[in-house]
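Asks: Questions regarding the structure given below will be posed in turn.
The values are calculated or read from the model by the stated rules, or taken from the named source; none is laboratory data. As the structure is a computational prediction, the values presented were derived from the model and not from experiment. Note that we place each Cβ from the backbone using ideal geometry, even for glycine, and neighbour counts take in every protein chain shown.
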Amino acid sequence: MAFDHAVVVGAGIGGLLSAAALAPRFDRVTILERDELPADATHRRGVPQGEQMHVLLAIGQDAIEELLPGIGAAWADAGAAWFDSTRDVASFSSQGWTARGPSEAWTYGLRRLVLERTVRDRIRGIPNVTIEQETVTGLRASRDGMRVTAVELRGDSAIEADLIVDASGRTSHAREWIAALGFEPPVAHEIVSDIVYSTALVRLRDDALRADIRGVLAPPTPISPRGAVLLPCGDGLHQIVAVAQNASRAPAGRDEFLAELDEAPTPVIADAARRAEFVDDPKPFKIRGTRRTRWEDMASRPDGFVAVGDAVLALNPIYGQGMSVAAVEALTMRDLVASADAADPAGLARRIQEAFRSTLDFVFDSGLRSDARFSATTLHGVEAPPPPKSRVLGALATEDWKVAVALRYVSHYFSAAPVQRPEIRARIRAWSSSGRRPRNPDPAVVPKPFDGQPLPR
Ligand SMILES: Cc1cc2nc3c(=O)[nH]c(=O)nc-3n(C[C@H](O)[C@H](O)[C@H](O)COP(=O)(O)OP(=O)(O)OC[C@H]3O[C@@H](n4cnc5c(N)ncnc54)[C@H](O)[C@@H]3O)c2cc1C
């Protein structure tokens with residue numbers, strides 16, 4: 001037996017993937033989106049970050065492929081780049097260049113606008129999913145107040161549903177909507193890092209990067225809070241980002257953008273940018289930081305309502321996790337809905353929200369550990385974790401490609417298990433007692449990658 005009707009608020013990545021997750025078990029899924037959705041990959045108001053560089057982590061890519069089989073092929077058809085995220089991308093940390101070696105974490109590089117358009121096209125092809133242009137303004141509850149039964153729309157109409165998923169993003173009003181039904185709204189925790197971004201689309205000169213380098217990461221660090229990233233985004237183009245934490249203004253215009261890239265800890269990206277053809281002007285963007293709304297901790301909550309994506313956890317974008325978190329949540333929701341009894345849906349929404357907890361804890365806590373190291377970061381509702389006891393892992397990763405790849409797997413798969421394996425632990429112990437120092441200190445010279453069999457994940 002199927003559930004009758006699900007409503008999803010918002011047709012961003014979180015909303016689209018939620019619809020893919022619910023469609024197999026619901027007779028109808030309606031996505032309500034306030035923007036008029038373009039047919040092609042053009043920018044729109046509701047997703048202001050759409051023109052900024054977006055990285056898809058391996059866990060997110062795998063989850064989207066499972067929800068929408070064949071999506072990787074659609075991205076390839078749309079011109080996406082395909083690269084080994086640890087061998088082909090050089091990464092500069094506060095301890096120097098990280099060693100590069102082959103991995104199983106291959107990812108697509110494509111612009112966010114193209115990614116969202118291809119996902120949207122697939123969702124439009126699901127027969128029981130419709131997308132309607134509506135703005136949701138509130139929720140309605142059952143007579144006893146314990147079940148959300150409908151969304152209210154601008155203009156005073158309402159649409160009933162068995163399950164309502166809020167995927168309305170970073171500016172979600174769902175806390176107020178729930179409060180208006182008489183519930184204590186969930187607590188929100190914030191890490192305020194004042195991040196400024198500026199992304200430009202460029203065509204690099206053929207000789208801009210050595211043949212073994214497809215991209216370069218030099219994220220901000222507490223010592224060097226201005227960073228830069230360069231990655232392929234398909235059709236032979238690259239995106240370059242100038243990014244800074246604890247900053248007040250994003251660089252606007254090419255001259256400011258290039259000057260900002262000069263402040264990054266490696267000159268490699270600025271050099272490539274100076275000789276590149278700019279396809280468009282840098283797009284500035286400013287964001288406060290990470291905000292986690294603890295929906296899973298509500299003591300009393302109505303049934304029939306789930307929040308996903310940025311509406312739950314809007315992250316510091318420098319870690320490139322938001323879309324992947326939304327994809328993992330959608331997959332989790334799909335599995336719980338698949339095994340639920342449509343005749344007895346009580347508690348389903350709570351189980352779904354609770355099941356997101358471990359992913360959210362991992363991602364939030366790792367971001368907190370990094371962001372709290374920046375002196376101007378302020379924390380609201382959370383404590384600063386103790387500083388790391390040792391920096392051995394990062395130092396060893398400058399010379400041992402297996403440790404470097406294991407470390408990247410931690411970020412790509414939201415799990416600490418890759419660095420806890422006996423082989424990796426033995427390498428860490430041996431290095432710690434050797435008294436060696438980080439390698440590759442010259443920021444202008446990217447070391448060559450190591451060869452070998454990809455480290456299994
Ligand atoms: C500068 C920047 C860079 C980023 N880089 C990365 C990255 O590299 N990798 C990564 O994975 N993530 C990145 N992110 C995060 C990523 O953009 C988000 O995590 C992701 O878009 C979340 O998707 P969502 O569907 O939850 O929200 P959104 O994509 O914001 O979509 C929300 C949708 O809801 C609609 N909506 C809002 N209110 C209503 C309403 N009341 N009624 C109807 N519709 C409504 C909006 O119009 C919009 O379409 C970045 C974010 C920023 C700001």
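Asks: Could you check Val7 against (1) touching a helix residue (DSSP H, G or I) at 6+ places or on another chain (Cβ under 9 Å); (2) within 25 Å of Leu139 (Cα to Cα) and say which number it fails?
Replies: Result: Val7 passes all but (1).
Asks: Next question, about the same structure. Of all residues being closer than 18 Å to Arg28 by Cβ and surrounded by 15 or more Cβ atoms within 10 Å (Cβ to Cβ) in region 127-139, which is nearest to the ligand (Cβ to nearest atom)? Just the residue, please.
Replies: First, pick out the residues of region 127-139 that are closer than 18 Å to Arg28 by Cβ: 127-134, 136.
Restricting the remaining residues to those that are surrounded by 15 or more Cβ atoms within 10 Å (Cβ to Cβ) gives 128-129, 131, 134, 136.
Values: Asn128: 20, Val129: 15, Ile131: 10, Glu134: 6, Val136: 4 Å.
Result: Val136.
Asks: Oh, and also: Does Pro418 satisfy being within 24 Å of Ile318 (Cα to Cα) and in contact (Cβ under 8 Å) with a residue 40 or more places away in the chain? Talk me through it step by step, then tell me what you get.
Replies: Working: within 24 Å of Ile318 (Cα to Cα): yes; in contact (Cβ under 8 Å) with a residue 40 or more places away in the chain: no.
No, not satisfied.
Asks: Within region 382-436, take every residue that is among the charged types (D, E, K, R) and in a loop (DSSP other than H, G, I, E, B) and give me the one that is farthest from Thr293 (Cα to Cα).
Replies: Among residues in region 382-436 that are among the charged types (D, E, K, R) and in a loop (DSSP other than H, G, I, E, B), the one farthest from Thr293 (Cα to Cα) is Arg436.
Asks: Do we find a residue being touching a strand residue (DSSP E or B) at 6+ places or on another chain (Cβ under 6 Å), modelled with pLDDT of 95 or more and either at positive phi or within 14 Å of the ligand (Cβ to nearest atom) (or both) anywhere in region 338-359?
Replies: For region 338-359, residues touching a strand residue (DSSP E or B) at 6+ places or on another chain (Cβ under 6 Å), modelled with pLDDT of 95 or more and either at positive phi or within 14 Å of the ligand (Cβ to nearest atom) (or both): absent.
Asks: OK, next. Somewhere in region 149-156, is a residue more than 15 Å from the ligand (Cβ to nearest atom) and touching a residue at least 12 places away in the same chain (Cβ under 8 Å)? Full working, then the answer.
Replies: So the first thing to find is which residues in region 149-156 are more than 15 Å from the ligand (Cβ to nearest atom), and the list is 149.
From the residues that got through so far, the ones that are touching a residue at least 12 places away in the same chain (Cβ under 8 Å) too are 149.
Within region 149-156, one or more residues are more than 15 Å from the ligand (Cβ to nearest atom) and touching a residue at least 12 places away in the same chain (Cβ under 8 Å).
Asks: Go through (1) charged (D, E, K, R); (2) over 30 Å from His380 (Cα atoms); (3) in a strand (DSSP E or B) for Asp255 and report which single condition fails.
Replies: Against the list (1) charged (D, E, K, R); (2) over 30 Å from His380 (Cα atoms); (3) in a strand (DSSP E or B), Asp255 comes up short only on (3).
Asks: Going residue by residue through region 300-307, is there one that turns out to be under 21 Å from the mean Cα position of the chain (by Cα), more than 6 Å from the ligand (Cβ to nearest atom), of a type in the set (A, V, I, L, M) and over 18 Å from Val7 (Cβ atoms)? Reasoning before the result, please.
Replies: Of all residues in region 300-307, those under 21 Å from the mean Cα position of the chain (by Cα) come to 306-307.
Now narrow it down to the ones that are more than 6 Å from the ligand (Cβ to nearest atom): 306-307.
Retained after the next criterion (residues that are of a type in the set (A, V, I, L, M)): 306-307.
Among the residues that remain, those that are also over 18 Å from Val7 (Cβ atoms) are: none.
No, every residue in region 300-307 fails to be under 21 Å from the mean Cα position of the chain (by Cα), more than 6 Å from the ligand (Cβ to nearest atom), of a type in the set (A, V, I, L, M) and over 18 Å from Val7 (Cβ atoms).
Asks: Could you identify the single residue in Ile164, Ile191 that is within 30 Å of Ala90 (Cα to Cα) and either more than 14 Å from the ligand (Cβ to nearest atom) or under 26 Å from the mean Cα position of the chain (by Cα) (or both)?
Replies: On the way: Ile164 fails: within 30 Å of Ala90 (Cα to Cα).
Only one candidate passes the filter, namely Ile191.
Asks: Considering only residues that are more than 9 Å from the ligand (Cβ to nearest atom) and surrounded by fewer than 17 Cβ atoms within 10 Å (Cβ to Cβ), which ones fall in region 29-59?
Replies: The answer is Glu36, Pro38, Ala39, Asp40, Thr42, His43.
Asks: Against the definition (modelled with pLDDT under 95, more than 22 Å from Leu237 (Cα to Cα), under 21 Å from the mean Cα position of the chain (by Cα) and small (Gly, Ala, Ser)), how does Gly46 come out, yes or no?
Replies: Spelling it out, Gly46 is indeed modelled with pLDDT under 95, more than 22 Å from Leu237 (Cα to Cα), under 21 Å from the mean Cα position of the chain (by Cα) and small (Gly, Ala, Ser).
Asks: Right, another one. List, please: which pairs have Cβ atoms under 9 Å, are six or more places apart or on different chains, and start with a residue in region 104-123 that is on the phi > 0 side of the Ramachandran plot and end with one that is more than 14 Å from the ligand (Cβ to nearest atom)?
Replies: Close Cβ pairs (under 9 Å, with a partner that is more than 14 Å from the ligand (Cβ to nearest atom)) do not exist here.
Asks: Select from region 84-122 the residues that are more than 15 Å from the ligand (Cβ to nearest atom) and in a strand (DSSP E or B) and list them in ascending order.
Replies: Those that are more than 15 Å from the ligand (Cβ to nearest atom) and in a strand (DSSP E or B): Asp84, Ala90, Phe92, Ser93, Gly96, Trp97, Ser103, Trp106.
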